[in-house]
Every structure is written in C-alpha cells, then in structure tokens.
Amino acid sequence: MKYKGNPNYKHDTPYSTGVLITNLGTPDAATPKALRTYLGEFLSDPRVIEVPKLVWWFVLNVFILNTRPKKSAHAYQQVWTDNGSPLMDISIKQLNAIRNILEQTQDQPIKVELAMRYGNPSIKSALEKLQAANCNRILVFPLYPQYSAATTASTFDAVADVLKTWRWIPELRMINRYHEHPDYIMALANSIEAHWQTHSRPEKLIFSFHGLPKHYFLAGDPYHCECHKTARLVAEKLGLEKDSWQVTFQSRFGPREWLQPYTDMTLIELAKQGTKHIQVICPGFSADCLETLEEINMQNREFFTEAGGEEFSYIPALNDNEDHIQALTNIIALHIQGWEAQKDDLAKRLERAKNMGANA
C-alpha cells in the first residue's frame, strides 16, 4: 500500500489546528438517481444496518434501491429550497459562523471544514483540505448531541479509513457527545421559550428523537439514555411539570422493533384522548432536514390533526441560532485546550531544513 504524503509541504509553513464539522449528509439533488446514490452509500454502512453482509446486500440492491429512491425523492422535493438541501444550506451557515468566531477568539491558526458522512462534501475531501492547510492537529466534531454507534462511531470509521492511508498522521481528538452540555441545554430551552412567545404553551411538549433499532440499545448503545437525559435537563431548565412533556422516537425503518414510544403513534393516541394542542421539538437534530421538515412538520402534523388534534407546531432545530453557534464554539474551545500556538521561528526552520538538503 502506498501511503499519501503532502508533496506541497514547505518547512516555513506554520502548523494549524484543524476542526472538522460533520453531519449525516444529504443527496446532491431531489431526484431518484441522486437518492439511489445517497441511499446506497448510507444503507451500505454496517454501523447503520447490523445485518449479515451478504443477506443485506441482496435485500438492499434487489429490493430497496429499486423502490425507495423514488419515494424518498418525492419527500425531498417537499422541502428542497432555492439553495438546495435545507441540511446543506444550514450546515454551511453553521460552518461560516463557527469559523468566524474561532478565528477571532483563538490565539492560534484555526482551519474549519465541513463534511458529510454520506454524500458531499465527503470526509475524505474535507480532511485533505485540512492536510493541505498543514493541520498537524485535528478535532473531529460530529454534530450529533447524543452518541450512537450508527452516527458518531460511523463518523470515526470514515475518518480512520482516510487517515490510515496518510503517511503523516495528525494528532487526533474527537467529540463523541454533548447531550448534557449546559450551553446546548440552554440553547434548547431558549428556543422553546422563544417559540412560546408567538405560539403559547402547548398542552404537551414532545421531544422527538431519531429512532434506533431496539436490539442496538440492548447491545449496549447509550443513545436511548442520552436522549432521555437531554429531554429531562431541558424540562428541568424550563420548570415543566412531569405530565406536560414526553420523549418519543421517529423515523423507524424495516420490520424489527425500534425504540419506543413511536412519535407518530403517540401523536395519534394523544389526539384521540382529547389533547388539542401539541408542540414537537427534535433535539437530536442540529440542523433542520428531511426528518424534521417533512416527517415531523408535514406527515406527523397531518397524523395529529386527522386524529382530532387542533393545534400543532414544530419548534425548529437550533440551526445557526446565535446561542447554538456559541454553544458549539464553546465546546470546540474546550476540546482544543492544550493545543497551544506554535512558537517556532519559521524562517530559521526553513534555513535549517535547506542546510540539510531540503528544497523548500
């Protein structure tokens, strides 16, 4: 195996600290062809689908990728904007805001790049940008507040797959959860209170998190516990009564049991029991995407109203809200502590290198 070096390296180039912001990903377009490519990559990840490889390959390629892309493309078309994918549009805004704050507040060169676990920009391309910027230290920050092997650990796998092909491996750190960080909890509470100023308080506040197969939880994945802790801390911050809020799980896929209670079934049941006013927030999503804008704010809104509910509102993800960006940058600043700015005299370093035969 040939390991990749940095042919453009120069001895008088200052070292930088790299920050890699990642999220799940999005198709390049809201078309069946683009969805087939995206879903093929996503659903081929063994961290996402823990099924024997040969069996799953047959199911995925013979059945799912021949039927699901068209349906998923239609769903994406409901939320696609002039700027393309909502997740990508918001992620770029988050990147620029985080980059701006870090460049102003850190006493060392900071390079911040964005990558998606599936789709574009790829983790490989973003890491290569950091390599080209002479980043000898890289902090990986997946924007998943609650840890799961299917999300955070999968990101680690993708980063490791790239770095194991490099000749010069950077010093590496990774943030693998921030579900209870005070700034994150405060940002969520603030967003809920801001929503109440224009929509009033609901009878029931639903904390809807992305689902996970139940057997992942039984195998030791901490995701379920961390979701409940996030919701409890936000409820405590808001001073909510115990019966005024509830945790549910959405976006299940396939026939096996997932974490319960399910968001859609819960909303239908609450409406049938006479609950008229519901609000839903999705704290596990750092940016609005298909699962929040189409699944929650369209599909689940319809489920609730058709079952007898009257008032439904979705509380947007934290996106690029000021307090969310500040929370994220505070978390980054915490994790790069100890990575001090380089003190080398670059001109002398170059001179010494040339005296030993280096070209640059």
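The values are calculated or read from the model by the stated rules, or taken from the named source; none is laboratory data. As the structure is a prediction and not an experimental result, all values here were calculated from the model. Ideal geometry is used to build each Cβ from the backbone, glycine not excepted, and the neighbour counts take in all protein chains shown.
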Point to revise | Any chance Val112 is part of a strand (DSSP E or B), among the aliphatic types (A, V, I, L, M) and farther than 30 Å from Cys225 by Cα | key: yes
Check your understanding: In this structure, is Leu328 crowded, with 19+ Cβ neighbours inside 10 Å and assigned by TED's automatic domain parsing to the domain that holds Asp89?
Key -> yes
Check your understanding: Which of (1) outside any loop (DSSP other than H, G, I, E, B); (2) within 24 Å of Leu334 (Cβ to Cβ) does Asp107 not meet, given it meets every other one?
Key -> (1)
Check your understanding: Which of the residues spanning segment 220-232 are hydrophobic (A, V, I, L, M, F, W, C) and surrounded by fewer than 20 Cβ atoms within 10 Å (Cβ to Cβ)?
Key -> Cys225
Review point. Within segment 21-41, can one find any residue that is in a strand (DSSP E or B) and at positive phi?
Key: yes
Practice item. Select, from Tyr76, Tyr15, Tyr3, the only residue that is within 26 Å of the chain's Cα centre (by Cα) and not small (Gly, Ala, Ser). Key: Tyr76
Check your understanding: What number of residues within segment 255-275 satisfy the criterion of being surrounded by fewer than 18 Cβ atoms within 10 Å (Cβ to Cβ) and without any contact (Cβ under 8 Å) to a residue 40 or more places away in the chain?
Key -> 7
Check your understanding: Within the bounds of segment 345-358, is there any residue that is closer than 21 Å to Asn134 by Cβ and either touching a Ser or Thr at 6+ places or on another chain (Cβ under 7 Å) or acidic (Asp, Glu) (or both)?
Key -> yes
Review point. Which one of Ala219, Ala150 is small (Gly, Ala, Ser) and either farther than 23 Å from Ala317 by Cβ or modelled with pLDDT under 95 (or both)?
Key: Ala219
Practice item. Return a yes/no flag: does segment 51-63 have any residue that is in contact (Cβ under 8 Å) with a residue 24 or more places away in the chain and β-branched (Val, Ile, Thr). Key: no
Point to revise | segment 115-150, subset assigned to a helix (DSSP H, G or I) and among the small types (Gly, Ala, Ser), residue surrounded by the most Cβ atoms within 10 Å (Cβ to Cβ) | key: Ala126
Exercise for review: Kindly provide the set of residues from segment 63-90 that are outside any helix (DSSP H, G or I) and loosely packed, with under 15 Cβ neighbours inside 10 Å, ordered by number.
Suggested key: Thr81, Asp82, Asn83
Point to revise | Subset of segment 163-207 [over 27 Å from His277 (Cβ atoms) and free of Cβ contacts under 8 Å to residues at least 40 places away in the same chain] | key: Leu163, Lys164, Ile169, Leu172, Met174, Asn176, Pro182
Check your understanding: Which residue out of Arg173, Arg99 is basic (Lys, Arg), under 17 Å from Asp320 (Cα atoms) and in contact with a Lys or Arg (Cβ under 9 Å, 6 or more places away or on another chain)?
Key -> Arg99
Check your understanding: Which of the residues belonging to segment 306-331 are β-branched (Val, Ile, Thr) and touching a strand residue (DSSP E or B) at 6+ places or on another chain (Cβ under 6 Å)?
Key -> Ile315
